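Coordinate-derived values only; no laboratory data. Everything quoted here is computed from the prediction, not taken from an experiment. Here the Cβ is made from the backbone with ideal geometry for all residues, glycine too, and neighbour counts use every protein chain on show.
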Amino acid sequence: MTTTRPQVPTAPRRLPGALPLIGHGLAMRREALDFIAGAREHGEVVELRLGPKPAYLVTSPAGVRDLLVNHSQVTANGVLFEKLKILGGDGIGSIYGPPHRRRRRLLTPLFSQQQAAGYGEVAAAVTAEKADSWSDGQQIRLDEHLHEMAAAIVVRSLFPGGGVAAVARAAQDLPVVFKGVAKRAYAPTELLFALPTPDNQRFAAANRRLHGLVDDIIEECRRDPSETGMLAALLAARDEETQEPLTHAQVHDEVMTMFFVGTEASAAAFGWIFHLLDRHPEVASRVHAELDEVVGKRPVGYADVQRLGYLRQVTHEALRMYPPGWLFPRIPQQDLVIAGYRIPAGTNVFYSPYALHRDPASFAEPDRFDPDRWSADRAAAIPRDAYLPFGEGARTCIGGAFALSEAMIVAAGLLSRWRLIGVDGHRVTPVAATTLHPDRLDMVVRAH
């Protein structure tokens with residue numbers, strides 16, 4: 001029987017304390033990853049403040065399971081998802097309870113094995129085009145190329161008939177919108193964003209254009225009965241209870257959600273793989289050797305994913321060290337007991353895949369890049385719920401399995417042609433915003 005502990009521990013004392021009005025907001029902004037990971041030293045549940053109100057951080061795998069699985073039906077989305085409504089409105093990432101369950105059942109067929117194979121071939125084609133565009137010795141901003149590729153994969157999977165023009169339009173505005181949402185995600189006040197500053201005006205204009213682009217894509221797809229992409233399937237889907245199609249607004253919100261997850265989170269995952277391989281040339285050599293054996297000189301295809309066992313381990317290890325979704329909130333709709341601590345209804349409760357993945361109780365030498373920890377004999381020893389790159393429970397990422405395959409396809413397609421070498425002296429810094437991504441990746445392309 002679980003015993004309720006009398007008091008939730010306070011936020012870690014060794015980190016900057018709570019300040020008037022902003023709480024721990026300054027510490028979260030300046031040293032978010034250290035702040036979150038260090039909290040485990042103070043208990044399985046700790047209290048922090050974002051603004052003047054208390055919030056709670058769950059730090060143990062068992063406590064996170066309580067939150068995401070055992071109490072999944074009585075928790076709503078938290079502050080981050082409210083801010084993300086700027087992008088995704090009432091898409092699957094924002095709704096909860098019965099509407100979320102119905103929407104999830106409606107969207108699940110869009111990520112079946114057959115559909116995923118089609119999206120995988122789109123990813124392979126986009127990657128091949130990018131690989132063809134580079135030349136030996138060229139210096140590039142790899143992070144920008146990866147964002148462009150991720151956007152192209154999303155748009156061409158959604159709407160194969162109008163992909164090229166839409167990708168060009170999206171590529172202009174997506175970075176501006178994502179940066180603006182990141183600033184607003186955990187800000188203690190909205191007042192600064194209401195001012196007509198040049199930065200706020202750029203964000204508002206880019207956000208309008210992006211939403212307009214999505215409306216244009218939807219309408220064009222409706223007019224073309226021959227379309228076979230993800231958007232056509234979404235328009236044809238029916239609610240299992242009402243047999244009604246999604247409204248235009250609901251389709252719009254789901255497409256915007258796919259834009260965000262499929263571009264921002266995917267590009268971050270791609271970037272960490274290449275950064276870690278650059279920092280660990282012995283691992284990169286093993287990846288190249290596997291690609292030479294499995295792929296050779298032919299183009300990479302979706303079917304290759306199942307045969308690239310070591311690259312799969314590398315991808316899992318990159319997602320362990322740098323999960324794009326690094327911090328998530330929930331709001332209990334009633335008082336809960338999590339890991340023995342009473343959590344009051346209505347407060348923001350956070351969990352961090354980044355902190356879970358860096359816990360030495362779950363992963364030996366957690367700060368060391370070690371793809372072999374995912375070999376069959378060693379992976380079995382990893383504790384349950386210690387590795388959650390795609391969430392857990394009722395809100396597990398619906399496209400998680402494809403996201404893993406997509407990252408492998410992009411890595412395989414580029415690395416089978418090129419070696420990507422970091423520019424001497426360039427230091428890559430993690431940016432903990434709406435996603436955890438590299439600040440920039442300056443690399444030199446060398447023929448493989």
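For Trp326, the residues 5 or more places off, or on other chains, whose built amide H falls under 5 Å of its own are Leu436.
This model, with +1 at the C-beta of Lys and Arg and -1 at the C-beta of Asp and Glu, gives region 25-447 a dipole about its Cα centre of some 480 debye. Lysine pair count for the chain (Cα-Cα distance under 21 Å; residues 8 or more apart in sequence or on different chains): 7.
Restricting the calculation to Cα atoms, region 208-251 yields a radius of gyration followed by a Dmax of 11.3, 34 Å.
Computed from phi, the 3J(HN,Hα) profile of region 54-59 under the Karplus parametrisation 6.51, -1.76, 1.60 (θ = phi - 60°) reads x, 9, 10, 10, 8, 10 Hz, with x in place of Gly and Pro.
With kT/(6 pi eta Rh) evaluated at 25 °C and eta = 0.890 mPa s, and Rh the Kirkwood radius from Cα pairs, region 230-389 diffuses with a coefficient of 128 µm²/s according to Stokes-Einstein. Between Leu48 and Ala55, Tyr56, Leu57, the built amide H atoms are under 5 Å apart, and every one of these is 5 or more places off in sequence or on another chain. Using R0 = 30 Å, the C-beta based FRET efficiency linking Asp136 and Glu293 works out to 0.80. Label reach from Val423 (point 7 Å along Cα→C-beta): in region 140-163, amide nitrogens under 13 Å belong to 140-144. Fewest neighbouring Cβ atoms within 10 Å first, the residues Phe35, Phe111, Phe259 line up as Phe111, Phe35, Phe259.
As a proxy for reagent exposure, Trp326, Trp374 were ordered by neighbouring Cβ count within 10 angstrom, fewest first; the result is Trp374, Trp326.
With θ taken as phi - 60° and the Karplus curve 6.51 cos²θ - 1.76 cosθ + 1.60 applied, the whole-hertz 3J(HN,Hα) list for region 139-148 is 9, 9, 8, 4, 4, 5, 4, 5, 4, 4 Hz, x standing for glycine and proline. Listed by Cβ neighbour count within 10 Å, with the fewest neighbours leading, Ile218, Ile343 appear as Ile218, Ile343. Under Stokes-Einstein, with the Kirkwood radius over Cα pairs as Rh, the value for the chain at 10 °C and 1.306 mPa s is 70 µm²/s. The residue among Tyr322, Ile338, Gly93 whose Cα reaches farthest toward the positive pole of the charge dipole of the chain, with charges on the beta-carbon of Lys, Arg, Asp and Glu, is Ile338. Residue-wise HN-Hα couplings along region 376-386, as the Karplus relation 6.51 cos²θ - 1.76 cosθ + 1.60 with θ = phi - 60° gives them from phi, are 4, 6, 8, 5, 4, 8, 6, x, 4, 6, 7 Hz; Gly and Pro carry x. Across all directions, the average projected area of the convex hull around the alpha carbons of region 57-156 is 9.9 nm².
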